[in-house]
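> Okay, handing you the structure first.
The values are calculated or read from the model by the stated rules, or taken from the named source; none is laboratory data. Model, not experiment: these values are computed from the prediction. Note: ideal-geometry Cβ built from the backbone for every residue, glycine included; neighbour counts use all protein chains shown. For the accessible areas, the whole protein counts, side chains as well, though only heavy atoms, and no ligand, DNA or RNA atoms are used. Shrake-Rupley method; radii C 1.70, N 1.55, O 1.52, S 1.80 Å.
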Amino acid sequence: MKNLLTGKTVSLIASGLILSSTMAFGADTIDSAFKEGKVSGSLALYGQKVDGKGLLIDGQGDSGFGNGNATVGFETGSFYGLNAKAEFKGNLDLGEVEDGDRENGAPFENNSLMTEAYIKYAKEGFALTAGRQAVDLEWLGDYHEAVVAAITAIPDTTVVLGYTQRKAESGIDLSEDFHEFNGNKGAYVIDVKYAGLEGIEFNPYAYSAPDVADWYGLKTTFTADMFGAVAHYAISSEDTQDDGSIGHLELNTTLSGVSAAVGYIKTDKDVGAGSMLAAEGDNISPFEDGTQVYEADARTVYGSLGYTIADIELGALYGQTTYGSTDDKEKELNLTASYPITESLVASLLYGDVTADSNNTDYSDYNKVLASVEYTF
């Protein structure tokens, strides 16, 4: 499930590491580093209601729950290039339609979790972070127990090198425990971004999960005044099954305040995206759910519109995925609205409607409403 309040950003980890390098050697003593530290966090209320049998509710019929969320983080100032951060998230059960909805529909494996706990070293052109940290790369997302380096010494280029062993997802709508990633073998990544040409960014990357698969991809993003495009293709070299692949093409534009996009996604005929999904992170599917986008022989077409009126950000997304040897279809509609009550207080609403072919026995048609109010500091 995508977080209701989080857009699809790429490589937050790199930008954070780069920013930290500008603060290196800032404090004269360890005490000063703590005194110059910054507290951040959020308070949020979240609710969801699902009508109809769906994967989100484990086939139990209509469901719903409410959750209260609090996040508190503290990051020290820099002392000889070193700084540290700790972040905690807590959740409060605010009620359920039926017993077990909160666990089946999210799930919430815990009511409190230390999501970040890392030490970072940074100097000009280089930064290294070790410990629990937020990661946002093409096939790695959420929180990881990892070691990650960002190198910016090459002009117009950012190189991210990393190794992750455990992963967790935690937000206002769910909270997992940290669990092993690919057993105790983890996964390795190299992600490169080159922006030396005006309006064009090249993003080649490679991942390796020992004894599972290696996968490689290239994402190219073109941006002009009123027009943009994304071309993305990735393939996997599998150890225990046929190789997988996925391709994505999107055209987008903004005209008179209206943003629009159309896209097409295609996976391998036999195994879909393969083991790339084992990394439990993706930035390709545009849908709230999109349960079939990465399946075998999945062909997805979608279109979206966005407009802001009286500070209310409105969005509409509709698409259809045709998949499998029998050309089953899944159609999904997402309607969103977001309103900044103040600079720090935002209310968001999402309505999702999924229609599935009747011969798909995994789940039937369903619709859902997600609502949240979040204050950040």
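> For the stretch 246-254, state whether one or more residues are touching a Pro at 6+ places or on another chain (Cβ under 8 Å), in contact (Cβ under 8 Å) with a residue 12 or more places away in the chain and surrounded by 14 or more Cβ atoms within 10 Å (Cβ to Cβ). I'd like the intermediate steps shown before the answer.
Filtering the stretch 246-254 down to residues touching a Pro at 6+ places or on another chain (Cβ under 8 Å) leaves none.
The answer is no; no qualifying residue exists.
> Which ones in the stretch 130-173 are more than 22 Å from Glu75 (Cβ to Cβ), among the aliphatic types (A, V, I, L, M) and touching a residue at least 24 places away in the same chain (Cβ under 8 Å)?
Once the filter is applied, which keeps residues that are more than 22 Å from Glu75 (Cβ to Cβ), among the aliphatic types (A, V, I, L, M) and touching a residue at least 24 places away in the same chain (Cβ under 8 Å), the stretch 130-173 yields Ala153, Val159, Leu161.
> If I filter the stretch 312-329 down to residues being modelled with pLDDT under 95 and among the acidic types (Asp, Glu), which single residue comes out as surrounded by the most Cβ atoms within 10 Å (Cβ to Cβ)? Before you say what the answer is, go through the steps one by one.
Narrowing the stretch 312-329 to residues modelled with pLDDT under 95: 323-329.
Then keep just the ones that are among the acidic types (Asp, Glu); that gives 327-328.
On the way: Asp327: 10, Asp328: 18.
Only one residue tops the list, namely Asp328.
> So which residues in the stretch 180-211 are in contact (Cβ under 8 Å) with a residue 40 or more places away in the chain and either open to solvent by 40 Å² or more (accessible area, probe 1.4 Å) or basic (Lys, Arg) (or both), if there are any at all?
Answer for the stretch 180-211, where residues must be in contact (Cβ under 8 Å) with a residue 40 or more places away in the chain and either open to solvent by 40 Å² or more (accessible area, probe 1.4 Å) or basic (Lys, Arg) (or both): Asn182, Lys193.
> If you go through the stretch 331-338 one residue at a time, do you hit one that is out of contact with any helix residue (DSSP H, G or I) (no Cβ under 9 Å at 6 or more places or on another chain), in a loop (DSSP other than H, G, I, E, B) and open to solvent by 40 Å² or more (accessible area, probe 1.4 Å)?
First pass over the stretch 331-338, keeping only residues out of contact with any helix residue (DSSP H, G or I) (no Cβ under 9 Å at 6 or more places or on another chain): 331-338.
Then keep just the ones that are in a loop (DSSP other than H, G, I, E, B); that gives none.
No: the stretch 331-338 contains no residue that is out of contact with any helix residue (DSSP H, G or I) (no Cβ under 9 Å at 6 or more places or on another chain), in a loop (DSSP other than H, G, I, E, B) and open to solvent by 40 Å² or more (accessible area, probe 1.4 Å).
Here is a yes/no grid of residues against (1) within 17 Å of the chain's Cα centre (by Cα); (2) at pLDDT 95 or above; (3) surrounded by 16 or more Cβ atoms within 10 Å (Cβ to Cβ); (4) closer than 30 Å to Lys368 by Cα:
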| position | (1), (2), (3), (4) |
| --- | --- |
| Ala234 | no, yes, yes, no |
| Ala260 | no, yes, no, yes |
| Tyr264 | no, yes, no, yes |
| Glu280 | yes, no, yes, yes |
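> Here's another thing I want to ask about it. Filter the strands (runs of 3 or more DSSP E) completely within the stretch 117-192 down to those with at least 3 residues that are hydroxyl-bearing (Ser, Thr, Tyr).
Strands (runs of 3 or more DSSP E) meeting the threshold: 157-168.
> Out of the residues in the stretch 95-118 that are surrounded by 14 or more Cβ atoms within 10 Å (Cβ to Cβ) and modelled with pLDDT of 95 or more, which is nearest to Thr152 (Cα to Cα)?
Tyr118
> Right, something else. Considering only residues that are under 19 Å from the mean Cα position of the chain (by Cα) and open to solvent by 30 Å² or more (accessible area, probe 1.4 Å), which ones fall in the stretch 266-278?
Scanning the stretch 266-278 gives Leu277, Ala278.
> Look at Val72 and say whether it is at pLDDT 90 or above and either in a loop (DSSP other than H, G, I, E, B) or open to solvent by 10 Å² or more (accessible area, probe 1.4 Å) (or both).
Yes; evaluated as a whole, the condition is true for this residue.
> I'd like the full set of residues that are in contact with a strand residue (DSSP E or B) (Cβ under 6 Å, 6 or more places away or on another chain) and either part of a loop (DSSP other than H, G, I, E, B) or among the basic types (Lys, Arg) (or both), limited to the stretch 240-265.
Initial filter on the stretch 240-265 (in contact with a strand residue (DSSP E or B) (Cβ under 6 Å, 6 or more places away or on another chain)): 243-253, 258-265.
Matches in the stretch 240-265: Asp243, Gly244.
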